[in-house]
1. How long are the semi-axes of the ellipsoid equivalent to segment 21-164, from square roots of 5 times the Cα gyration tensor eigenvalues, in whole Å, largest first?
2. Can you give the helix-only mean residue ellipticity at 222 nm for the chain, where every DSSP H stretch with n ≥ 4 adds -39500 (n - 2.57) and the sum goes over all residues, rounded to the nearest 500 deg cm²/dmol?
3. Rank VAL34, VAL78, VAL70 by mean-square fluctuation in a GNM of the chain with C-alpha springs under 10 angstrom and give only the top-ranked residue.
4. Mind checking which of ALA44, ALA19, ALA58 has the largest fluctuation in a GNM of the chain, springs on alpha carbons under 10 Å?
5. With the Cα gyration tensor of segment 22-83 giving a ≥ b ≥ c as the square roots of its eigenvalues, does the rule (a/c under 1.5 for rounded; else a/b larger than b/c for prolate; else oblate) give rounded, prolate or oblate?
6. Given a cut-off of 18 Å, name the pairs among LYS53/LYS73; LYS17/LYS104; LYS104/LYS156; LYS20/LYS73 whose C-alpha atoms lie farther apart than that in the structure shown.
7. Which percent of Cα pairs goes in each bin when the distances of segment 85-165 are cut into 10 angstrom slices starting at zero?
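Readers should treat all values here as calculations from the given coordinates under stated rules, not as data from a laboratory. This one's a predicted model, so the numbers in the text were calculated from it and none came from an experiment.
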Amino acid sequence: MTVSITLLRSLVEALRKRAKSLGKQLEEYIVEKVLEDADPRTRADAYVELHQKYLNEAESPLKTGDIVQVSEKYWGAVASLLNAIGELKGWPHYTLRDYSEIVKRLAEEEGIPELGKLFAVAGRLHANSYHGFIKSVERLKVYREDIMRLLDILKKILKRTRNAGGQSGTVR
C-alpha cells in the first residue's frame, strides 16, 4: 500500500538537505526516522521494500537515458539492502563508511572478494548522481550488470541472515 502525505515546502527542504548531508535519498532518510522505534525485522522489511521501489523507479529513466536518475536509483537500491542487512546483523549502517565496513565484513564472512569491486561500482553511481560525469548510456548498462550482480548477492546474504536469525519476510 502506498500513502501520500502533503508536507510543508520548508519541511521537505529541511529533510532533503539533511538526507543529502548524510549521502541518503529523501525516502531512505524518512524511513529511518519514522522507524526509529521499530524492531530490526520491521526496519529491514521497510528497507527491502524501499530497495524494490528504487529498482522499479530506475526502469523509466533508463529507457529515456536519464543517467543521473538511474545512478541515484541504483545506489538507493544497494544502500537499502545494506541497511536491511545492517539492521538484522546489528551493524551500523548510517554513513558511507558504515556501508563500506558492511561490504568488507560480508566479503570476509561470505568468502566473496568481488563484493568490494561491485560496491565500488555502486559508489561510482552514487557520485554520478551528484556530479553527472557518466555520459554514456552504454557505459551505464555495463555498470548496471555489476549492480544487478551486487544486488543478487546481497539478497542471498539477506535471505541467509533472516533464516539464521529466525527473521521472516521475503526478498524479491
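1. Gyration-tensor ellipsoid for segment 21-164: 24, 17, 13 Å.
2. -26000 deg cm²/dmol
3. Top of the fluctuation ranking is VAL34.
4. Between ALA44, ALA19, ALA58, it is ALA19 that shows the largest mean-square fluctuation.
5. Since a/c reaches 1.5 and a/b is larger than b/c, the shape of segment 22-83 is classed as prolate.
6. LYS17/LYS104
7. Whole-percent P(r) values from 0 Å outward: 17, 47, 28, 8, 0.
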